[in-house]
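Before any comments, here is the structure.
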Amino acid sequence: MRNCVVQIVVAAFIGILLGGCDAINATSINEINTSPANFDGKEVTLRGIAKDPTRIPLFNTKSYVLKDDSGEIAILTEADLPKMNEKITVKVKVANIAIINGESLGMTVTEISRR
């Protein structure tokens with residue numbers, strides 16, 4: 001009986017630790033904004049507060065701004081827009097239209113998934 005309780009406590013502890021991994025592995029927005037060429041074609045996790053939801057029906061385009069302690073970044077999405085001031089974690093793909101002499105031109109950040 002005691003062994004079973006210990007196993008349950010250990011399993012719960014591991015679950016709590018693993019559940020917090022996204023926060024630990026989140027990339028700061030400032031890292032992407034200052035070196036977008038380093039993130040070209042990569043998928044990263046971001047955490048922050050959703051702001052400025054925008055929908056342009058004519059072009060079927062939706063975007064929002066994600067803000068963390070380091071800065072802000074515009075995110076394109078095909079999903080429903082997040083609520084204003086909602087705290088979210090998103091997996092995104094960073095892409096650049098071109099990279100010239102190590103400098104990014106036309107960076108886009110597209111949402112893959114959201115929690």
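Quick note: the coordinates plus some simple rules give every number you see, no bench work behind them. All values derive from a computational prediction rather than experimental measurement. Methodologically, a virtual Cβ is constructed for each residue, glycine included, from the backbone with ideal geometry; neighbour enumeration extends over all protein chains shown.
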Net charge of neighbours whose Cβ lies under 15 Å from the Cβ of Asn38, counting Lys and Arg as +1 and Asp and Glu as -1: -2
12 Å reach of a label modelled at Thr34, 7 Å along Cα-to-Cβ, counting backbone N of the stretch 59-75: 70-71
Residues whose placed amide H lies under 5 Å from that of Ile112, excluding near-sequence neighbours: Lys91, Val92, Lys93
Separation in nanometres of the label points that stand 7 Å from Cα toward Cβ, at Asp52 and Asp68: 1.9
